[in-house]
Ligand SMILES: [Zn+2]
């Protein structure tokens, strides 16, 4: 009976299959963790922020739900030119909501 040298090296093709499945599962877990911990994606959108906190709407904008300040600055998520914008309260420093710029 011929023994496939490669199969012998990896301990049979079953091990290779399990290794491949392991890599796939690990990759899926890493992607899940990244999505869960992504600051931008876990910040509510402007629409959600206003819907969740109607009291934050001032008429010509929104204010911070934590300290009431209307002084909100937007900054790029990953650099100043990033179209993904996070809106941060200048007073208490908390991130309030996100928008996507069209510039
Ligand atoms: Zn604030």
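Please treat every number below as a calculation from the coordinates, not as lab data. Since the structure is predicted, the reported quantities are computational estimates derived from the model, not experimental observations. With ideal geometry, Cβ positions are generated from the backbone for all residues, glycine too; neighbour counts draw on all protein chains shown.
What the Cα convex hull of the chain gives, in volume per residue, is 167 Å³.
Using only Cα atoms, figure out Rg for the range 46-100 and give it as a multiple of 2.2 N^0.38 Å.
1.08
Could you work out the relative contact order of the range 61-101? I mean the mean sequence separation of Cα pairs under 8 Å and 6+ apart, divided by the number of residues, in percent. That works out to 31 percent. Kindly state, to the nearest 0.05, the FRET efficiency for residue 53 paired with residue 103, given R0 = 30 Å and r defined as their beta-carbon distance. For R0 = 30 Å, the calculated efficiency reads 0.65. Output the 0 to 90 degree angle, nearest 10, between the alpha-carbon long axis of helix 13-37 and the longest principal axis computed from the alpha carbons of the chain. Value to nearest ten degrees: 10. Averaging the sequence gap over all C-alpha pairs within less than 8 Å and six or more residues apart, then dividing by the number of residues, gives the chain a relative contact order of 19 percent. Packing here is the average count of other Cβ atoms within 10 Å per residue, and on that basis the peptides 64-76, 3-15, 35-47, 84-96, highest first, run 84-96, 64-76, 35-47, 3-15. Rounded to 0.05, the FRET efficiency of the residue 42 and residue 13 pair, given R0 = 41 Å and the Cβ-Cβ distance, is 0.50.
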